[in-house]
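Engineer: Sharing a structure, written as structure tokens. Questions coming.
The values are calculated or read from the model by the stated rules, or taken from the named source; none is laboratory data. Small disclaimer: the values here were computed from a predicted structure and weren't measured. Virtual Cβ from ideal backbone geometry, glycine too; neighbours counted across all protein chains shown.
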Amino acid sequence: MGPMPISDETIDNPRAPRIRRAADLMDARARVRYGRMLVEGPQAVREAIAFAAGGLHDVLVETAGGPSATDEGGRGRVWASPRLAGLVEDADAAGAYVHPVTPRVMRRLAPEAQGIVAVADLPSPSLPRDAHGRCPGMVAAFWQIRDPGNAGAVVRVADAAGCAAVVLVDDCVDAYGPKVVRSSVGSLFHLPVVHLSTLDFLAWSAGSGLPLVAADVHGTSGRRPVPLPALVARRSVASRRGRVCALFGNEARGLPDSLLVRADEVAAIPMYGHAESLNLATSAAVLLYALAMSGRQGGRGVSADDGVATDGADVGKGVARPDGEAAVVE
């Protein structure tokens, strides 16, 4: 798709048809009806441009002033920040239709979007399979996750830990709601996020070839959880080189016994200090990274290819970087 022209008109009316259509996507029923979603914020829009450009439609970008604001030479719009100007160039090159909007319109549409919103097609994700019909890597599954900020954060964690997919099990928050998309900081565009019923998840898990590790501090009356360090040291899971499905429970209630008894292992993260517990996103980060690093070592130790960062230095493929957005939301 070739570049489309940047609109000559700056939208100054919050009730303009294009703005109303974008605002409608705040509602889950409208997302289903139109097959589109709203992507808010520079990081998420950047990743949508890089990983889902073919499904990208309107990109609404805040200008620095009123409807007629242009640069000093009159050559083009003055965007609200240099960062937005760079995203406009990328979106234009990707074939998206860029629409300048005034600060008033952006405040009404998406006040937390830091000046940029995109309309994108809803993904049609599926779980990855290898030539034998089995899942080729680590999967993070979350049962009845309800908080949008948590959902976005755990998708981001799963992405960072190298998961092949995320599964939302049973009655979960809509993965494509604006707060989930924003909290994932673009990770929703990096890996499939699939919603399955509990029965469908158990059927998939049984045929996936992945051991199922349930994260739970209590276990069941007949099965005590294994401390995570002991589980990793035992290498019964780690020896599979990261091929594992980790299952996490609801933020308030954890996992029911009916799921815990179906797991191959039940793992608990030890508390070395006085904190009573960890929130869901932190628990997911600890357990997924422990399994990922153990699986990647595979008896050979950690190499530069594993993306290790020490004292802020960039080593290997990737390092954590501050981006101004919270990864953990209670």
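Engineer: Going by the structure shown, is Gly74 under 25 Å from the mean Cα position of the chain (by Cα), modelled with pLDDT under 95 and outside the structural domain of Leu280 (by TED's automatic domain parsing)?
Structural biologist: When the stated conditions are applied, Gly74 does not pass them.
Engineer: Please work out if Ala252 is over 20 Å from Gly152 (Cα atoms), assigned to a loop (DSSP other than H, G, I, E, B) and not acidic (Asp, Glu).
Structural biologist: No, not satisfied.
Engineer: Another question, then. Of the residues Asp170, Asp174, only one is within 30 Å of Pro14 (Cα to Cα) and acidic (Asp, Glu); which?
Structural biologist: Of the residues listed, the single one that is within 30 Å of Pro14 (Cα to Cα) and acidic (Asp, Glu) is Asp174.
Engineer: State which residue is modelled with the highest pLDDT when the search covers only region 222-245 and only residues that are surrounded by 14 or more Cβ atoms within 10 Å (Cβ to Cβ) and in a helix (DSSP H, G or I).
Structural biologist: Leu228
Engineer: Would you pick out the residues in region 270-304 that are at pLDDT 95 or above and of a type in the set (Val, Ile, Thr)?
Structural biologist: Thr282, Val286
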